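Peer 1: Below you'll find the structure I mean.
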Amino acid sequence: MKSITTFRCLAFLLMALFLFPQSTWAHGGEKHPKKAAAAQADTIRQEAKASHDTLVLQEVTPAEHAGHVANPGTVHASLSDFPHIHPLIVHFPIMLLMIAAAMQFVNILFQNKQLNWAVTIMVLVGFVTAYASTHWSHPHTDGLTAHAELVLKEHDKYADYTIYLSGLGLVAQLLSVLALRGKRWSIAVAAVILIGAGYAVSMAGHYGAQLVHIEGVGPQGKYLEQHH
């Protein structure tokens with residue numbers, strides 16, 4: 001019985017000697033600096049975030065796009081507060097031409113006169129607003145990066161395709177409703193042209209969104225040569 005007790009005491013001492021250096025001697029007798037390291041990491045992250053926020057604030061306030069700053073006390077911005085009116089117009093052809101293409105494709109089956117006229121009116125407004133957003137209210141850019149220039153070139157290319165195809169689609173629609181009295185083949189021809197116009201305007205919108213949200217062109221007048 002005494003030998004068993006002695007053996008247990010020796011085993012306890014060996015375990016204590018084995019575990020004790022793992023918690024103290026490995027760090028020179030000091031406590032494990034986990035809390036200190038975590039606090040230091042938090043401090044570094046906070047400093048980095050503060051530095052990033054400062055850079056962002058400096059980047060998004062470049063002379064406040066020619067002095068046109070929205071009234072901070074007003075929620076509803078006036079037209080003069082926008083860097084450019086292009087985004088206020090360009091969404092009309094995007095919506096109207098794509099919906100008109102879908103409606104006329106369905107109308108191949110129905111040959112509905114009222115639907116054919118509705119598509120014609122939508123294409124007319126879509127063509128006018130597409131032309132206006134490309135030629136009358138197109139913003140001039142300055143200081144773009146090389147990659148942004150390539151994106152802008154694609155955007156302008158599909159914008160031109162949109163004008164050509166929507167104009168051609170408008171002619172086809174007018175012929176269909178006025179001269180050909182809504183014959184099925186005339187509706188089908190107009191539908192094919194309008195589907196092309198819908199694709200072109202969707203691609204122009206894609207590259208336009210890429211310019212704004214990825215390249216940073218436009219928000220608060222950034223990279224715009226003139227406003228209004």
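Only the coordinates and a few stated rules stand behind these numbers; no lab work does. It should be emphasised that the depicted structure is a prediction, and the values quoted were computed from it without experimental measurement. With ideal geometry, Cβ positions are generated from the backbone for all residues, glycine too; neighbour counts draw on all protein chains shown.
Peer 1: Find how much the distance from His76 to Ile108 grows on full extension, using 0.36 nm per residue of separation minus their present alpha carbon separation; answer in nm with one decimal.
Peer 2: Full extension from His76 to Ile108 adds 7.2 nm.
Peer 1: Still on this structure, please answer the following. I need the calculated FRET efficiency for the pair Leu88 and Lys153, taking r as the beta carbon distance and R₀ as 22 Å, to the nearest 0.05.
Peer 2: Rounded to the nearest 0.05, the efficiency is 0.40.
Peer 1: Could you give each residue of the stretch 150-165 its phi-based ³J(HN,Hα) in whole Hz, using Karplus coefficients 6.51, -1.76, 1.60 with θ = phi - 60°, and x for Gly or Pro?
Peer 2: Working through the residues one at a time gives 5, 5, 4, 4, 5, 4, 5, 4, 6, 5, 5, 4, 4, 5, 4, 6 Hz.
Peer 1: Something else about it: Once label points are set 7 Å from the Cα along Cα→Cβ at both His140 and Leu178, what is their separation, rounded to one decimal in nm?
Peer 2: 3.7
Peer 1: Taking the Cα centre of each part, how many Å lie between the stretch 188-228 and the stretch 151-187?
Peer 2: The stretch 188-228 and the stretch 151-187 have Cα centres spaced 18 Å from each other.
Peer 1: Moving on to the next point. Based on the Cβ-Cβ distance of Ile214 and Leu168, what FRET efficiency does E = 1/(1 + (r/R0)^6) give at R0 = 30 Å, to the nearest 0.05?
Peer 2: So the FRET efficiency works out to roughly 0.45.
Peer 1: Report the rotationally averaged projected area of the stretch 100-170 based on its alpha-carbon convex hull, in square nanometres.
Peer 2: Orientation-averaged projected area of the Cα hull: 5.4 nm².
Peer 1: Would you mind checking which residues have amide H under 5 Å from Leu224's amide H? H placed 1.01 Å from N; only 5 or more apart, or other chain.
Peer 2: When sequence neighbours closer than 5 places are left aside, the close amide H contacts are Asp142, Gly218.
Peer 1: Per residue of the stretch 174-187, in order, report the coupling 6.51 cos²θ - 1.76 cosθ + 1.60 (Karplus, θ = phi - 60°) as ³J(HN,Hα) in whole Hz, putting x for Gly and Pro.
Peer 2: 5, 5, 5, 7, 9, 9, 9, 6, x, 5, 4, 5, 5, 5
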